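The structure appears right after this line, and notes come after that.
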């Protein structure tokens, strides 16, 4: 019998701004640790905010979330969605990452320029935004593969 899988989606603020080198270091560390603990997921970083989805067996996911809450690089950690899943959505990535640059011109209407809609007081809207963002990430990443 296989171990049940859980998925946790959260947002947090970076205690200090991350440049490309700091993000590369964080990704390398996360990928190695996730590989060792049978975790997969995705990470987005934009304007000092992280959005991450972690998936795997419950105990390693919960252990990592506790570690992230204690990590001085993160503040304001807020779990948006925790759910049991039948299969991994990011099975090919120990930590998929997509850089989201700051546009030079105003974004088109409806463009997600921040993660603010993920943190709405409306739980249904937050869950819908989490689901849309994970689908966007998977579709965008498969195009570049």
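Coordinate-derived values only; no laboratory data. Small disclaimer: the values here were computed from a predicted structure and weren't measured. Don't worry about glycine lacking a Cβ; one is built from the backbone with ideal geometry, like all the others, and counts go over all protein chains shown.
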(message) Every residue in the stretch 48-90 that is under 20 Å from residue 17 (Cβ atoms), assigned to a loop (DSSP other than H, G, I, E, B), touching a strand residue (DSSP E or B) at 6+ places or on another chain (Cβ under 8 Å) and in contact (Cβ under 8 Å) with a residue 40 or more places away in the chain, please.
(response) 73
(message) Being surrounded by fewer than 16 Cβ atoms within 10 Å (Cβ to Cβ) and farther than 15 Å from residue 82 by Cα is the filter here; which residues of the stretch 41-64 pass it?
(response) 47, 48
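Quick check, is residue 11 in contact (Cβ under 8 Å) with a residue 12 or more places away in the chain, more than 19 Å from residue 91 (Cβ to Cβ), surrounded by 16 or more Cβ atoms within 10 Å (Cβ to Cβ) and in contact with a strand residue (DSSP E or B) (Cβ under 8 Å, 6 or more places away or on another chain)? Before you say what the answer is, go through the steps one by one.
Numbers: in contact (Cβ under 8 Å) with a residue 12 or more places away in the chain: yes; more than 19 Å from residue 91 (Cβ to Cβ): yes; surrounded by 16 or more Cβ atoms within 10 Å (Cβ to Cβ): yes; in contact with a strand residue (DSSP E or B) (Cβ under 8 Å, 6 or more places away or on another chain): yes.
Here the answer is yes, as residue 11 does meet what is asked.
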(request) Would you check which residues across the stretch 19-40 are surrounded by 12 or more Cβ atoms within 10 Å (Cβ to Cβ), part of a loop (DSSP other than H, G, I, E, B) and free of Cβ contacts under 8 Å to residues at least 40 places away in the same chain and list them? (result) 37, 38
(request) Of the conditions (1) touching a helix residue (DSSP H, G or I) at 6+ places or on another chain (Cβ under 8 Å); (2) under 20 Å from residue 6 (Cα atoms); (3) assigned to a strand (DSSP E or B), residue 45 clears all except one; give me its number. (result) (2)
